[in-house]
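Colleague: Pasting a structure below so you can have a look.
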Amino acid sequence: MKLSKLALKLKPSATVTITAKAKALKAQGIDVIGFGAGEPDFDTPDNIKESGIDAIQSGFTKYTAPGGIDKIKEAIIHRIKEDYNLEYDKSEIMVSCGAKHTLYNITQVLIDKGEEVIIPSPYWVTYPEQVSIAGGKPVIIDTDEKSGFKISAKDLEEKITDKTKAIILNYPSNPTGSTYTKQELIDIVSVALDSNLIIITDEIYDKIIYDDISHTPIPTLSKKAKENSLLVNGVSKAYSMTGWRIGYVAGNRDVVKAMNNLQGQCTSNPTTISQYAAIEAFNGNQNKVEVMRKEFEIRKNYIVNELNQIDGITCFEPQGAFYVFPNVSSYYGKKYEGKTINNSLDLTEFLLEEAKVAVIPGIEFGADNYIRISFAVSTEEIKEGISRISSSLSILN
């Protein structure tokens, strides 16, 4: 059976693939430490789970409007208002099956063939793929540790052409954990708005931020910034609800209406039970969010320190999210048992085979000199995993 050209071009998600491989090895009884997963290792808080159970027992198990019930939209509006003093109308809110699905809907309704979308690198693996699926052209701005893995207003200005339609900003960032100051955002957004770009702002890690740094949502910067940005968020990271699949967009009502139409023809509504659980997440006690954040910060401090003590590794200190993105390129060109480590893919394979540690190669994020390590695992696993990495790298020559 002949596949479409699109199907033949699609790449599997590296994060999903490597995490699945690590889990398969564990199922075989092999002691693998998985640093690949992009999800908190904490359980969903009990009050949220109970809300989902209540929905089942109350019979809230039928179809809803494609973009979610009014109650969840009201809860999202409440949370955004409470956290950032931003106001939205229900017509400006749409709920989808996770933030990834939200981003897919956005690119599908906004990007036409040949239009360009600017994406800073390192990027989350899905951004360029979704732009390409929509027929658009991803335009990459490379960054590194020297810039704090951030673009400048000048970087953005130099990449804008008459075909540029939008920019995707993700902060705190997956995979680097870098984030932007308010002034940096003002400068970048000013350039974007001067060129009439749509700003797609993925702020899914906004609650997981460290060292007393504050998070500034782009729509808070000005009325024009709010009118020209699409704020993407969800419950996956802050509330440890990755499997519940609830994400949302807040933004222009015409775009939201188009997304509703698209979703109505694709998935219909996000799971009803998950919607009711998410209402409790947004409206309920927020203390568990801070408990998780504090634990992640302890782990972050430990893993950054340990990685920077390994000869040949330099590790940028993230300001948010739960990943580190160490530079491992000093090991490229070294060998083990006759095999040369040429890139991040080779090093990832070596670490999985020899150290029984699963990490994600940086090439998948557009940055081959690095690997991504998730510290959304227990402190004991972090200690053991870093020890294995250090020991394995020492045998390369």
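Colleague: Hey, among 371, 360, 386, which residue is closer than 19 Å to residue 19 by Cβ, without any contact (Cβ under 8 Å) to a residue 60 or more places away in the chain, in the same structural domain as residue 23 (by TED's automatic domain parsing) and among the β-branched types (Val, Ile, Thr)?
Modeller: 371
Each row is one residue, and each column tells you yes or no for (1) under 18 Å from residue 240 (Cα atoms); (2) modelled with pLDDT of 95 or more.
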position: 32; (1), (2): no, no
position: 36; (1), (2): yes, no
position: 43; (1), (2): yes, yes
position: 47; (1), (2): yes, yes
position: 55; (1), (2): no, yes
position: 58; (1), (2): no, yes
position: 65; (1), (2): no, yes
position: 70; (1), (2): no, yes
position: 78; (1), (2): no, yes
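Colleague: Any residue in region 234-251 that is more than 24 Å from residue 325 (Cβ to Cβ), part of a helix (DSSP H, G or I), in the same structural domain as residue 112 (by TED's automatic domain parsing) and not small (Gly, Ala, Ser)?
Modeller: yes
Colleague: Follow-up question, since we're still on this one. Mind checking whether some residue in region 279-293 is over 30 Å from residue 63 (Cβ atoms), in contact (Cβ under 8 Å) with a residue 40 or more places away in the chain, surrounded by 19 or more Cβ atoms within 10 Å (Cβ to Cβ) and not charged (D, E, K, R)?
Modeller: Yes, that holds for at least one residue.
Colleague: Here's something else I'd like to know. Could we say that residue 371 is aliphatic (A, V, I, L, M) and either in a loop (DSSP other than H, G, I, E, B) or surrounded by 24 or more Cβ atoms within 10 Å (Cβ to Cβ) (or both) here?
Modeller: So residue 371 fits the description; yes.
Colleague: Can you find, within region 134-188, the residue that is farthest from residue 121 (Cα to Cα) among those that are within 22 Å of the chain's Cα centre (by Cα), in a loop (DSSP other than H, G, I, E, B) and of a type in the set (A, V, I, L, M, F, W, C)?
Modeller: Taking the candidates together, the pick is 134.
Colleague: Given the conditions (1) small (Gly, Ala, Ser); (2) surrounded by fewer than 21 Cβ atoms within 10 Å (Cβ to Cβ); (3) at positive phi; (4) within 21 Å of the chain's Cα centre (by Cα), report the number of the one that residue 214 does not fulfil.
Modeller: (3)
Colleague: Give the number of residues within region 4-21 that are among the small types (Gly, Ala, Ser) and outside any helix (DSSP H, G or I).
Modeller: Of the residues in region 4-21, 2 are among the small types (Gly, Ala, Ser) and outside any helix (DSSP H, G or I).
Colleague: Further, regarding this structure: Hey, any hits in region 284-303 for a residue that's over 19 Å from the mean Cα position of the chain (by Cα), more than 26 Å from residue 242 (Cβ to Cβ) and not assigned by TED's automatic domain parsing to the domain that holds residue 102?
Modeller: There is no residue in region 284-303 that is over 19 Å from the mean Cα position of the chain (by Cα), more than 26 Å from residue 242 (Cβ to Cβ) and not assigned by TED's automatic domain parsing to the domain that holds residue 102.
Colleague: Considering only region 16-73, state which residues are of a type in the set (A, V, I, L, M, F, W, C) and in contact with an Asp or Glu (Cβ under 6 Å, 6 or more places away or on another chain).
Modeller: 33, 48
Colleague: Out of 317, 306, 354, 380, which single residue is closer than 30 Å to residue 235 by Cα, among the charged types (D, E, K, R) and in a helix (DSSP H, G or I)?
Modeller: Step by step, each of 317, 306, 354, 380 is checked, and only 380 is closer than 30 Å to residue 235 by Cα, among the charged types (D, E, K, R) and in a helix (DSSP H, G or I).
Colleague: Scan 201, 164 and give me the residue that is among the polar types (S, T, N, Q), under 24 Å from residue 93 (Cα atoms) and not assigned by TED's automatic domain parsing to the domain that holds residue 328. Before the answer, list the steps.
Modeller: Details: 164 fails: under 24 Å from residue 93 (Cα atoms).
Result: 201 is the single residue among 201, 164 that is among the polar types (S, T, N, Q), under 24 Å from residue 93 (Cα atoms) and not assigned by TED's automatic domain parsing to the domain that holds residue 328.
Colleague: Right, something else. Collect the residues in region 252-275 that are within 21 Å of residue 39 (Cα to Cα) and part of a helix (DSSP H, G or I), keeping them in residue-number order.
Modeller: Just the residues of region 252-275 that are within 21 Å of residue 39 (Cα to Cα), to begin with: 270-271, 273-275.
Within region 252-275, 273, 274, 275 qualify.
Colleague: Still on this structure: Among the residues in region 229-239, are any surrounded by fewer than 24 Cβ atoms within 10 Å (Cβ to Cβ), over 26 Å from residue 187 (Cα atoms) and touching a residue at least 60 places away in the same chain (Cβ under 8 Å)?
Modeller: Among the residues of region 229-239, at least one is surrounded by fewer than 24 Cβ atoms within 10 Å (Cβ to Cβ), over 26 Å from residue 187 (Cα atoms) and touching a residue at least 60 places away in the same chain (Cβ under 8 Å), which makes the answer yes.
Table: residues versus (1) out of contact with any strand residue (DSSP E or B) (no Cβ under 9 Å at 6 or more places or on another chain); (2) outside any helix (DSSP H, G or I).
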| residue | (1), (2) |
| --- | --- |
| 2 | yes, yes |
| 23 | no, no |
| 26 | no, no |
| 37 | no, yes |
| 50 | yes, no |
| 61 | yes, yes |
| 67 | no, yes |
| 71 | yes, no |
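Colleague: Go through 181, 161 for me and flag whichever is over 22 Å from residue 321 (Cα atoms), of a type in the set (Ser, Thr, Tyr) and surrounded by fewer than 21 Cβ atoms within 10 Å (Cβ to Cβ).
Modeller: Residue meeting the stated conditions: 161.
Colleague: Would you tally the residues in region 189-230 being outside any loop (DSSP other than H, G, I, E, B), closer than 18 Å to residue 80 by Cα and acidic (Asp, Glu)?
Modeller: The number of residues fulfilling the criteria is 2.
Colleague: Just one of 195, 178, 173 is polar (S, T, N, Q) and touching a Lys or Arg at 6+ places or on another chain (Cβ under 8 Å); which is it?
Modeller: Selected residue: 178, the only one of 195, 178, 173 that is polar (S, T, N, Q) and touching a Lys or Arg at 6+ places or on another chain (Cβ under 8 Å).
Colleague: Would you mind finding the one in 52, 34, 38, 67 that is in the same structural domain as residue 275 (by TED's automatic domain parsing) and in contact (Cβ under 8 Å) with a residue 40 or more places away in the chain?
Modeller: 67
Colleague: Hey, another quick one. If you go through region 85-133, how many residues are at pLDDT 95 or above and outside any helix (DSSP H, G or I)?
Modeller: Number satisfying all stated conditions: 25.
The values are calculated or read from the model by the stated rules, or taken from the named source; none is laboratory data. Since the structure is predicted, the reported quantities are computational estimates derived from the model, not experimental observations. A quick note on method: Cβ atoms are made from the backbone with ideal geometry, for glycine too, and the neighbour counts reach across all protein chains shown.
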